[in-house]
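The values are calculated or read from the model by the stated rules, or taken from the named source; none is laboratory data. Keep in mind it's a predicted model, so treat the numbers as computed, not measured. Here the Cβ positions follow ideal geometry from the backbone for every residue, glycine too, while neighbour counts run over all protein chains shown.
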Amino acid sequence: MGTKTSTPKDAALHLPQEYDEDGMLAATTTLASSNESVEKCVVCKRDKVVPIIFIPGIMGTNLMNLKTKKRVWVAPNMDGVFPVVKTLGLLFGSWFKSSKQRQAELDSTPGAVGVYEGGELDDAGSGLSKDEMRMRKWGSIMRSAYHPIMGEMQRQMNDIMRSNDLQGEWKERVDQAPGDWGDWENNPSLAAMGDASGLKIAADTQYEVWAAGYNWLQSNRDSAKDIINYINDTVLPHYNGKAEKVIIVTHSMGGLVARAIVACHGFSKIYGIIHGAMPATGAPASYKRVRAGFEALAEKKILGRDAADGVAVMAFANGPLELLPSHDYNDGEPWLFAKDKSSLERVLRLPEQCPYEEIYKSEKWWGLIPEQNNKLFDPAGVVSTREPKPTKLKKAESTPPSLRQAFCDVIDEVKVFHATIEKKYHTNTFVHYAAESKSPKLYTWGTIEWAANSLKGLDIKTANLSSDNLDAEITLNGLYTLSIGPGYYPGDGTVPAFSSTAPRGKPGVQGAFAHGQNGGLINHYCKEGAFNNTAGYGHQDAYTDKAGRTQFATLYSLVRISKSI
């Protein structure tokens, strides 16, 4: 293994390499007949390994009950006949689950659930064996959404050059300007940067892709600590000193986990971070899903039908609540409104100063969980039976707090978490996202409007909640019917452009790829170019973009980060 082979001929057989159980790079071959002479070669690189850690979004990690080992959440795959059949089975099973059952299974009590690693596998062209994928925890995360990009990174990053000759798609990729793929920062092509691009360093480095599933019910702060331990105790030691730091690639809420790794814990064994479809400052869709459940029929039945399901699962789960709009969402502008359709006047505009006090903890009709919905708290009784424990903000009390107070304590922790990561990014950060303005199916909530045909004569701030169908329709003072309309803001169907674009211009952010089409004279969130001139992609499809935009953004960013190796 220590002797370099001669420059291989075109007819040579290039032997694939992988690390064995001792962390040594090895290739396997068989002896051929003397009559069938074929040159076999192994491309030798320097003794440097860089693990790429992929952190998925919320609900992208499979979970199990840690006591019974029973799976309580399996991310639904929808990319073929058999996966669809399985998902339909999941849909059928979820159809009859009560809110009590949902909370009992997705129990946010510390230590109740953990990562299930036995999920479906797809090598996605990576060349990895099933045993290798299991060892790297690929089975812990959603196969159809994440394994394709993981396989692409494993394959492409380890075959950039052979004897200084670019290979495969890299021949064209190095000359392509990132701006043509949607980069607002107008970064130069890899070829234009020469040695400063990191291309030669990347070509001489071995990259190994790992999955980092996590318990998405707990705070992202705690998930960050779990992943730091995973990197320190499992990933880096696997390579026996050949790996010193990692590169992190994230999807959705995984981006908040990665930012917490840096901002909350000061972890420094990171060359750089790539964020995909990150709700950098939260998303109003999270408010809507607690107040009224999810949107499409399948989502409703699997993820949450209405407010009863939403409150049962999310009211005491820090992770989901940390997706609520933060204090700096849209630079602090109001995003929750009550609107009179007849006059088009917005008679309520919140937050005025603090979303945590004015919206999330409020017991008023517009609150995340109004006083009249207190009955939705803790249907399985898992919170009320917990022993009082100190939190990061409060000491243990002699008597358990009320469920309302326990919920408010969680919101206080969410507020602290948001403040800790606000505007903080790794010094070598790249982001990519869809901010589609033309395709209505990718619109989302940039704001939430409770709208009524007329609100004349109503004092909106003192109004009483007369009824709530728990599915986005309420009645105030027994006379005024309000409902939440569909989202109409540019985005990816979940994260609005207000949030996905927030990293642009922040310290440490080197590139920002904005994918999709602009609409009209106002919504110009996308950087249109030669390769970025079609509709964007849905939130869960961020890494399976059929136009190849996220693939380019990810691979380009990996090479640029490699300059720091």
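A few comments on the model shown:
- Identity of the residue in the stretch 314-344, more than 19 Å from the chain's Cα centre (by Cα) and not in a loop (DSSP other than H, G, I, E, B), that ends up nearest to R102 (Cα to Cα): L336
- Some residue of the stretch 351-371 being closer than 29 Å to A512 by Cβ and of a type in the set (A, V, I, L, M, F, W, C): yes
- Strands (runs of 3 or more DSSP E) contained in the stretch 195-290 and holding at least 2 residues under 21 Å from S326 (Cα atoms) and at pLDDT 95 or above: 246-251, 270-276
- Inside the stretch 345-364, residues that are in contact with a Lys or Arg (Cβ under 9 Å, 6 or more places away or on another chain) and either in a strand (DSSP E or B) or modelled with pLDDT under 95 (or both) make up a count of 4.
- Every residue from the stretch 422-435 that is in contact with a His (Cβ under 8 Å, 6 or more places away or on another chain) and either surrounded by 20 or more Cβ atoms within 10 Å (Cβ to Cβ) or of a type in the set (K, R) (or both): T429, F430, V431, H432, Y433, A434, A435
- Scan of the stretch 441-468 for residues that are free of Cβ contacts under 8 Å to residues at least 40 places away in the same chain, over 18 Å from R349 (Cα atoms) and exposed (fewer than 15 other Cβ atoms within 10 Å of the Cβ), ordered by number: S467
- Scope the stretch 116-127; condition touching a residue at least 60 places away in the same chain (Cβ under 8 Å) and under 24 Å from L199 (Cα atoms); matching residues: S126, G127
- Residue among G89, G93, G57 that is modelled with pLDDT of 95 or more and either within 14 Å of L303 (Cβ to Cβ) or surrounded by fewer than 18 Cβ atoms within 10 Å (Cβ to Cβ) (or both): G57
- Subset of the stretch 175-194 (residues that are among the small types (G, A, S), surrounded by 17 or more Cβ atoms within 10 Å (Cβ to Cβ) and not in a loop (DSSP other than H, G, I, E, B)): G179
- Residues located in the stretch 503-535, provided they are of a type outside the set (S, T, Y), in contact with a helix residue (DSSP H, G or I) (Cβ under 8 Å, 6 or more places away or on another chain) and in a loop (DSSP other than H, G, I, E, B): G516, K527, A530, F531, A535
- Of all residues in the stretch 129-174, exactly one satisfies the criterion of being free of Cβ contacts under 8 Å to residues at least 60 places away in the same chain, charged (D, E, K, R) and part of a strand (DSSP E or B), namely D165.
- Candidates A419, A434, A406, filtered to the one that is in contact with a strand residue (DSSP E or B) (Cβ under 9 Å, 6 or more places away or on another chain) and on the phi < 0 side of the Ramachandran plot: A434
- Residue that is farthest from G367 (Cα to Cα) [pool: residues in the stretch 320-344 that are crowded, with 19+ Cβ neighbours inside 10 Å and among the aromatic types (F, W, Y)]: Y329
- Some residue of the stretch 485-501 being free of Cβ contacts under 8 Å to residues at least 24 places away in the same chain and out of contact with any Gly (no Cβ under 6 Å at 6 or more places or on another chain): no
- Whether a residue is within 12 Å of A435 (Cα to Cα) and over 18 Å from the mean Cα position of the chain (by Cα) was assessed, and Y556 does not pass this test.
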